[in-house]
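Here, each number is a calculation from the coordinates, and none is a lab measurement. Being a predicted model, the structure only gives us computed values, none of them experimental. We place every Cβ from the backbone using ideal geometry, glycine too, and count neighbours over all the protein chains shown.
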Amino acid sequence: MMRGDARQHRQPGSDLIEPGSGDQRSEPTAPAVGLGARLWKNCAAFFSGGGASNLWPRWLFLRAVGLVYVLVFAGIAVEGEAILGPSGLAPAKSLFRTLSSYSTVEAFFRAPTLLWVDASAGTITALTWIGLAAALALVLNLWPRLALSVCWLVFLSFVAAWGEYTPAQLDSLMLEVALLCIPYAPAGLRPGLGASSPPRPIMMFMMRWMLFRIMFGSGVVKIASDDPHWRDLTAMDVMYETSPSATAIGYWVHQLPHAYHLFEVAVTFAAEIIAPLAAVFCGPWGRWRALVVWVVFQLGILLSCNFGWLNVAAIGFGLLLLDDQMIAATASRWRWRRLGAVLATPAPGAVPAVAGGPWARYGLRAACGVHFAITVYYFVLNAGVPESVVPEGVAATMKQIASFRSANGYYLYVNFHPAHFMVEFEGSNDRGKTWRSYRYRHLAQAVDEAPDFTAPWFPRYENTVFMESGRAGKMSVIPATAQKLLLRNPDVMALFDGDPFKDRPPNVIRMRRYRFTMTDISTLRRTGHYWKKEFAGDYLPAICLLENGQTAQFDLADAETELKAGNYRLARAIFETQFQLGNLDAGYRLAEVYAQGLGGPPEPARAFALLSDLATRGETTASYNLGLCYEFGVGVAVDYARAAEAYRRAAADGSLPAMVAVGSLAARDLLTPRNDVEGLAWLLTAAKLATGDGAVASRVREQQADPAKRLMGRMSAADITRAQALAASRD
């Protein structure tokens with residue numbers, strides 16, 4: 001009776017489950033089929049749908065696409081006007097002005113956007129809400145083809161206009177998905193499951209080809225990459241620390257030994273190489289296992305790294321591996337009879353003709369053929385084929401259509417940032433005497449700030465700042481932000497977590513670059529610090545607000561020109577004016593002019609006073625130079641105690657020359673009270689941090705060697721051990 005029930009509830013296609021796990025009725029023995037033939041048959045079935053129905057996977061996948069688009073347009077609603085608005089960071093009208101020299105057709109192909117019609121704040125808001133409404137309609141399965149068309153068109157209008165605010169993969173991925181889903185989705189206003197409008201074989205091929213490119217292409221491009229981390233298997237050792245924003249879990253995973261990170265590399269290639277090949281060549285058995293590996297892989301990334309909606313979308317793509325018969329067979333195997341009954345669908349019949357007759361059918365085939373050819377081009381390039389072998393005409397055509405971002409190659413995390421750099425915006429309302437930081441909403445700035453969870457939300461502005469912080473170029477987003485903060489632009493200020501100048505507006509904004517590295521667990525327990533934060537120089541000269549209400553970037557080029565020409569008085573005047581405006585670099589140059597007596601007699605006392613002023617403003621370099629003044633009597637009486645105090649301040653802020661200076665004073669018995677352990681610890685710390693072949697690092701390594709040798713020659717083994725432990729504890 002039990003066997004009879006099982007056969008009675010057998011679902012269409014249930015013979016696709018694993019051998020031995022279903023009905024054991026004897027079947028006529030089929031002739032043996034060679035391995036190659038079986039692999040080819042499975043491959044053909046994968047890309048064509050294999051005659052199975054795909055109504056439930058399609059229904060679930062389109063709901064997932066709709067949810068991602070809700071996140072996309074919600075993000076634009078928060079940040080769109082601050083970026084593209086008439087007074088935003090990258091106004092669309094400015095883009096159009098730069099394209100005015102091109103013909104109308106060429107200009108449109110370079111920026112295919114509806115904002116050509118009107119780029120006002122009202123239009124940006126209207127398009128955002130139209131896109132959001134279309135995304136919600138897709139989630140609710142209302143007129144899905146029209147909803148997808150609107151999502152694609154509106155999102156393309158934003159992506160084509162905001163330039164560097166578009167990440168390489170996230171936006172392109174969703175544009176291609178929306179475009180391909182238009183003919184893949186069921187027709188009608190309320191199609192339900194879409195049984196009367198099943199996916200056509202050509203669209204099953206296009207969707208599964210896209211899935212294969214996302215999965216397999218991401219693995220192939222890593223193998224073909226010239227990034228050494230994939231070749232020496234250290235990719236996961238550096239990923240969490242150098243990613244835009246690791247999560248709290250990512251911090252702890254980063255602490256795991258190299259052996260675990262080797263396991264992560266293995267899982268990556270299993271998900272991106274083995275799983276897609278199994279899905280293509282191993283039939284339903286392989287597709288189920290590919291789905292499990294893919295989902296586990298994407299969940300792991302989602303929990304440890306904040307990559308916006310990318311991993312949520314990738315999990316949704318995994319649904320394309322399934323068909324109705326696979327789902328029903330699994331429900332039957334696990335005795336989920338009610339679920340099996342719900343999922344049961346009639347065997348697919350003849351695919352209805354495309355509305356519009358043969359012209360529409362042939363048009364769809366032609367469009368899919370063009371799209372397929374473009375994606376093959378990108379797939380081949382990502383596999384390592386040099387672009388130089390591509391015919392010039394083909395390459396030129398690809399560049400013309402690249403702005404539509406709707407047929408792409410995928411190279412997810414093929415290269416790693418050399419380090420985690422971040423530019424912070426610091427303002428002053430007293431011309432540089434005191435500084436306050438603008439706080440990001442999601443990115444860590446304080447060393448005791450635990451990494452945050454933001455995915456699947458994508459903070460577009462902050463991600464762009466992170467990307468530009470690590471580049472040598474001077475992109476517009478960072479200086480543009482500083483200017484808007486000075487002008488108190490409300491949309492741009494809303495991108496940050498509060499206003500640090502509620503009392504009085506700032507008159508100077510500087511852009512300071514910091515390097516962040518994750519601390520180890522012992523440091524976290526001892527200090528509560530998740531990060532080590534090192535000053536890495538000014539990203540660009542500061543921007544000040546002039547008396548006429550205009551902004552200007554600090555620039556000492558004119559003063560330097562006059563200095564070289566021997567016009568010392570004029571150079572002095574420019575340096576003094578710039579320093580009064582808050583240009584601290586001008587203060588350093590002015591101190592040099594006074595000390596050297598350029599344009600008059602040497603004035604070491606004035607140089608010392610300037611350096612004292614700069615040191616009180618928290619300038620590390622000034623503290624070090626102040627120590628030199630006290631040590632050698634420049635503008636002030638020799639005072640080794642104050643010299644040591646100034647050096648210690650600078651050393652605590654990370655100045656390597658100051659660390660050597662403290663150690664040198666200790667070696668010469670000039671520290672009061674004598675402290676050889678402290679001196680040696682600073683020398684060892686300087687040696688540890690003086691990495692690379694730069695001039696400063698080489699000089700520090702050279703200068704610390706002799707005093708370190710002298711100290712160790714007169715210290716006990718116990719004191720040397722204490723100094724080594726102290727140096728090791730400094731992060």
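For the chain, take the longest principal axis of its alpha carbons; what is the angle in degrees between that and the long axis of helix 460-469, to the nearest 10 within 0 to 90?
Tilt of helix 460-469: around 50 degrees.
In square nanometres, what is one fourth of the surface area of the convex hull spanned by the alpha carbons of the stretch 611-676?
3.9 nm²
Using the Karplus equation 6.51 cos²θ - 1.76 cosθ + 1.60 (θ = phi - 60°), what ³J(HN,Hα) coupling, rounded to whole Hz, does each residue of the stretch 439-449 give in order, writing x for Gly and Pro?
For the stretch 439-449, the Karplus-derived couplings read 8, 5, 6, 10, 6, 6, 10, 8, 5, 9, 8 Hz, x marking Gly and Pro.
Using only the Cα atoms, work out Rg/Rh for the stretch 135-201, with Rh taken as the Kirkwood radius, to two decimals.
Dividing the radius of gyration by the Kirkwood radius yields 1.05.
Within a 10 angstrom radius of the beta carbon, how do Val477, Val696 rank from fewest other beta carbons to most?
Result, fewest neighbours first: Val696, Val477.
Could you tell me the number of lysine pairs in the chain with C-alpha atoms less than 28 Å from each other, where the two lysines are 8 or more residues apart or belong to different chains?
Lysine pairs meeting the criterion: 20.
How many nm separate the modelled label positions at Trp40 and Ala725, each set 7 Å beyond the Cα in the direction of the Cβ?
Computed distance between label sites Trp40 and Ala725 equals 7.3 nm.
To make sure I understand, if each residue's beta carbon is the centre and we count other beta carbons within 10 Å, what order do Thr268, Thr397 fall in, fewest to most?
Neighbour counts put them in this order, fewest first: Thr397, Thr268.
Any idea what angle helix 717-729 forms with the longest principal axis of the chain, computed on alpha-carbon atoms, 0 to 90 degrees, nearest 10?
Approximately 50 degrees, to the nearest 10.
Only Cα pairs under 8 Å and at least 6 apart count here; give the relative contact order of the chain as a rounded whole percent.
Over the chain, the number comes to 12 percent.
Karplus couplings for the stretch 644-653 from phi (6.51 cos²θ - 1.76 cosθ + 1.60, θ = phi - 60°), rounded to Hz, Gly and Pro as x?
4, 4, 5, 4, 4, 4, 5, 5, 5, 8
Separation between the Asp538 and Arg488 pseudo-spin-labels, each 7 Å from Cα along Cα→Cβ, expressed in nm?
Roughly 2.5 nm, to one decimal.
I want to check the label-to-label distance for Glu645 and Ala396. Put each point 7 Å from Cα in the C-beta direction and report it in nm to one decimal.
Those two pseudo-labels are separated by 7.2 nm.
List Lys533, Lys564 from most exposed to least, where exposure is judged by having the fewest other Cβ atoms within 10 Å.
Ordered from fewest to most neighbouring Cβ atoms within 10 Å, Lys533, Lys564 come out as Lys564, Lys533.
If you take the beta carbon distance between Arg674 and Tyr260 as r and set R0 to 41 Å, what does 1/(1 + (r/R0)^6) give as a FRET efficiency, to the nearest 0.05?
0.30
Just the C-alpha atoms of the stretch 654-731: what Rg/Rh do they give, with Rh taken as the Kirkwood radius?
Checking Rg against Rh, the ratio lands at 0.95.
May I ask you to evaluate 6.51 cos²θ - 1.76 cosθ + 1.60, the Karplus curve with θ = phi - 60°, for each residue of the stretch 497-504 and list the ³J(HN,Hα) values in order in whole Hz, giving x for glycine and proline?
In residue order, the calculated couplings are 8, x, 10, x, 10, 6, 7, 8 Hz.
Which angle from 0 to 90°, rounded to the nearest 10, does the C-alpha axis of helix 144-159 make with the longest principal axis of the chain?
So the helix axis and the longest Cα principal axis differ by about 20 degrees.
Whole Å is fine, so just give me how far the alpha carbon centre of the stretch 511-531 lies from that of the stretch 628-693.
24 Å
Quick check: the distance between the Cα centres of the stretch 420-460 and the stretch 93-132, to the nearest angstrom?
Their Cα centres are 31 Å away from one another.
Ratio to report: Rg/Rh of the chain, with Cα atoms as the point set and Rh obtained by the Kirkwood method; give two decimals.
We get a ratio of 1.06 for the chain.
Using 0.36 nm times the number of residues separating Asp226 and Phe501, minus their current alpha carbon distance, what extension gain do you get?
Taking Asp226 through Phe501 to full extension adds about 94.4 nm, to one decimal.
Note down the relative contact order for the stretch 167-275 as a percent, whole number, built from C-alpha pairs under 8 angstrom at least six residues apart.
25 percent
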